[in-house]
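First the structure, in the form of structure tokens, and then the observations on it.
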Ligand code: FAD
Ligand code: SF4
């Protein structure tokens, strides 16, 4: 008999460990455990999503004839950790082997690697075939390269998948149409809504359990409208492709008050949990382009996020762990300010994104990168504390994808392994790409004075205080030249303003 553990991000019927297992000779074990629910302060909507999706998946497996040993969080017998639950299952079922698909998280894989010795049962860990690029293939691609750049990796993935290819050439003659994807949005745009899935009996039970068990925790449970099964996730994907994909490219970087989702797919929770096959999704997007239903800049942009960025960050994570988690090249040490949890700040952009996150467990990429991430970078917040925040608050957050995005792309804590420059920007960027500034206590055009946007002084302070590490970066040559050209008086006033902002940040008054 084989024991087949399946984790919360492995809810795929085509999972490699299931494909190789025999129904009569296997017991699947699925575990809701406190050690994982409490590992960071997970958003309550995220917990509902994952536990509900797991319970639905377990029910589907049973309908398909699998034997499932399912441990609920509120089960009085629950032992509280993967290790303890596997130990109990081994003791009771006496399996000949434990077979699992590569866990998404380094820590969990280390745990699983320890089971062979701990329980005297062989453990087989199979490569996760739900990714286009295996860990070994990524390591081979990275080997001997001076720099790992997503653009070049992405081209390999286009060739490998054949997506948007004409022979060995990219459709449209370009690999990347990002320069077409920078339009700000306005309130008079027609904004299609994302589909809402009403909670069924299983989800309602999980909602009550999470409410009872985590009363003081961050994040609204209600309303809960996420798809929690493969079927509903496919409906959500079809809705995106039909109604929003065509606007995805143009407004990918835009932010608009009151519009949480714009033209984004909001499919990342379902993709990362395993409910949606990312490659099938890309093929559906490609088909929309071929049928003339979506423009190339939108479809290429969408496909690049999935077979480019998503695969690339996973590759970097497995290549560089466990050291990656400890990196802090800019030496940022400031504790995470309380405003990340309560949204209590006069900076309208940050308050809007934190409150949206609290309501929905979602923020789109530019909100994460250029608002909350950018502010943390400029303010020198400890990247590890910030990583724990991102891991907690988003429904799509699993360490393999969240950590490289936070520590690498957003905070440059990896010194440029993932991205070639830090995503640091002043208030002008946020003012251009959003309408947040029009309702803010601060003025994005002022650098000093009471109403000066905090992002402005912090931006120059960031460059100045990290001069030794960053001044040689070619992509920062322009801002450093601008800084040098400013008068001594202006520079002193800006740095003085930055001191003031830090002072107010520490006092919780920014
Ligand atoms: P869309 O904009 O519709 O994009 C389509 C899909 O592309 C997404 O569903 C996702 O699967 C993929 N994708 C897009 N950008 C990225 C990226 N940079 N890395 C990996 N996949 C990408 N994404 C996560 O899935 N989990 C995280 O925990 C996470 N944490 C992040 C933290 C920070 C600081 C930043 C800057 C980005 C993070 N991202 C994370 C990437 C990105 O913000 C989300 O994937 C995206 O916002 C999800 O929303 P969506 O499904 O509407 O995406
Ligand atoms: Fe954010 Fe500055 Fe704009 Fe206010 S003025 S919303 S703080 S960028």
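Among the residues of segment 471-491, just one is touching a helix residue (DSSP H, G or I) at 6+ places or on another chain (Cβ under 6 Å) and either farther than 19 Å from residue 458 by Cβ or outside any helix (DSSP H, G or I) (or both), namely 471.
Within segment 357-382, restricting attention to residues that are assigned to a helix (DSSP H, G or I) and within 7 Å of ligand 1 (Cβ to nearest atom), which residue is farthest from residue 427 (Cα to Cα)?
365
The set of residues from segment 72-100 being in contact with a helix residue (DSSP H, G or I) (Cβ under 7 Å, 6 or more places away or on another chain), surrounded by 19 or more Cβ atoms within 10 Å (Cβ to Cβ) and more than 28 Å from residue 210 (Cβ to Cβ) comprises 98, 99. Among the numbered conditions (1) outside any helix (DSSP H, G or I); (2) more than 13 Å from the chain's Cα centre (by Cα), the only one that residue 385 does not meet is (1).
Taking residue 234 as the residue in question, decide whether it is over 14 Å from residue 51 (Cα atoms) and either crowded, with 20+ Cβ neighbours inside 10 Å or touching a helix residue (DSSP H, G or I) at 6+ places or on another chain (Cβ under 8 Å) (or both).
It is false that residue 234 is over 14 Å from residue 51 (Cα atoms) and either crowded, with 20+ Cβ neighbours inside 10 Å or touching a helix residue (DSSP H, G or I) at 6+ places or on another chain (Cβ under 8 Å) (or both).
Contact annotation: residue pairs with Cβ atoms under 9 Å, 6 or more positions apart or on different chains, pairing a residue in segment 332-360 that is within 16 Å of residue 41 (Cα to Cα) and in contact (Cβ under 8 Å) with a residue 24 or more places away in the chain with a partner that is within 12 Å of ligand 2 (Cβ to nearest atom) and outside any helix (DSSP H, G or I), are 337/345; 337/510; 339/345; 339/347; 339/510. The single residue among 370, 321 that is under 24 Å from residue 269 (Cβ atoms), surrounded by fewer than 21 Cβ atoms within 10 Å (Cβ to Cβ) and either away from ligand 2 (no atom under 16 Å from the Cβ) or within 16 Å of the chain's Cα centre (by Cα) (or both) turns out to be 321.
Looking across 431, 405, one residue alone is within 16 Å of ligand 2 (Cβ to nearest atom), in a helix (DSSP H, G or I) and in contact with a helix residue (DSSP H, G or I) (Cβ under 9 Å, 6 or more places away or on another chain). It is 431. One residue alone among 215, 199, 195, 227 is out of contact with any strand residue (DSSP E or B) (no Cβ under 6 Å at 6 or more places or on another chain) and under 23 Å from residue 295 (Cβ atoms), and that residue is 195. What are the pairs, 6+ residues apart or on separate chains, where a residue within segment 443-469 that is at pLDDT 95 or above has its Cβ under 8 Å from a residue that is within 16 Å of ligand 1 (Cβ to nearest atom) and in a strand (DSSP E or B)? So the pair list comes out empty. The residues of segment 328-356 that are touching a helix residue (DSSP H, G or I) at 6+ places or on another chain (Cβ under 7 Å), more than 16 Å from ligand 2 (Cβ to nearest atom) and not in a loop (DSSP other than H, G, I, E, B) amount to a single one, 334. Among the residues of segment 446-456, which ones are part of a loop (DSSP other than H, G, I, E, B), in contact with a strand residue (DSSP E or B) (Cβ under 9 Å, 6 or more places away or on another chain) and surrounded by 14 or more Cβ atoms within 10 Å (Cβ to Cβ)? Across segment 446-456, the qualifying residues are 446, 453.
Of the helices (runs of 4 or more DSSP H) lying entirely inside segment 62-162, the ones with 3 or more residues being over 28 Å from residue 175 (Cβ atoms) and over 26 Å from the mean Cα position of the chain (by Cα) are found at 82-93, 106-119.
The listed residues are 105, 147, and the only one of them that is touching a residue at least 40 places away in the same chain (Cβ under 8 Å) and farther than 22 Å from residue 39 by Cβ turns out to be 147.
For every residue, the table says whether it meets (1) away from ligand 1 (no atom under 16 Å from the Cβ); (2) surrounded by fewer than 12 Cβ atoms within 10 Å (Cβ to Cβ); (3) within 25 Å of residue 368 (Cβ to Cβ).
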position: 421; (1), (2), (3): no, no, yes
position: 430; (1), (2), (3): no, no, yes
position: 437; (1), (2), (3): yes, no, yes
position: 458; (1), (2), (3): yes, no, yes
position: 463; (1), (2), (3): yes, no, yes
position: 488; (1), (2), (3): yes, yes, no
position: 495; (1), (2), (3): yes, no, no
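Restricted to segment 178-191, and to residues there that are surrounded by 14 or more Cβ atoms within 10 Å (Cβ to Cβ) and assigned to a loop (DSSP other than H, G, I, E, B), the residue that is modelled with the lowest pLDDT is 181.
The values are calculated or read from the model by the stated rules, or taken from the named source; none is laboratory data. Please read these numbers as outputs of a predicted model, since none were measured by experiment. Heads up, the Cβs are rebuilt from the backbone with ideal geometry, glycines too, and the neighbour counts pull from every protein chain shown.
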